[in-house]
Amino acid sequence: MEKFMQQVRAYAGALGVHPSTVVQRAAKLGGAAWAKWEAGDGSPTLRTADKILKYMRENPAPSREGDDAEPLKEAI
């Protein structure tokens, strides 16, 4: 779960948006979903997590010129 959360944070950071925005765009959930997950008051279903990961794969963050960082990798 923490690895998934880190991936969403990193993706959101690369886009310059909040992780809750990624959740809203990818899984059509309200912004409160991310806040609940962060607080430990819930967690995404596997189906929801898969939707978000798929969205991130299909909509990669633009790479910055001169950025030597590796692109986000698919979760295993």
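The values are calculated or read from the model by the stated rules, or taken from the named source; none is laboratory data. Since the structure is predicted, the reported quantities are computational estimates derived from the model, not experimental observations. Cβ placement follows ideal geometry from the backbone for every residue including glycine, while neighbour counts extend to all protein chains displayed.
The set of residues in the range 39-50 that are assigned to a helix (DSSP H, G or I) and either over 25 Å from S63 (Cα atoms) or touching a Cys at 6+ places or on another chain (Cβ under 9 Å) (or both) comprises A39, L46, R47, T48. The set of residues from the range 9-26 being closer than 13 Å to N59 by Cβ, among the aliphatic types (A, V, I, L, M) and within 9 Å of the chain's Cα centre (by Cα) comprises A12, V22, A26. Sub-9 Å Cβ pairs linking a first residue in the range 32-51 that is closer than 16 Å to K3 by Cα and in contact (Cβ under 8 Å) with a residue 24 or more places away in the chain to a second residue that is basic (K, R) and assigned to a helix (DSSP H, G or I), at least 6 apart or interchain, are S43/K36; P44/K51, ordered by first then second residue. For beta carbons closer than 6 Å, sequence separation of 6+ or different chains, a first residue in the range 1-27 that is buried (at least 18 other Cβ atoms within 10 Å of the Cβ) and a second that is polar (S, T, N, Q), the qualifying pairs are A27/T48.
The rows are residues; the columns are (1) at pLDDT 95 or above; (2) polar (S, T, N, Q); (3) assigned to a loop (DSSP other than H, G, I, E, B).
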site	(1), (2), (3)
R9	yes, no, no
S20	yes, yes, no
W37	yes, no, no
I52	yes, no, no
R57	yes, no, no
D67	no, no, yes
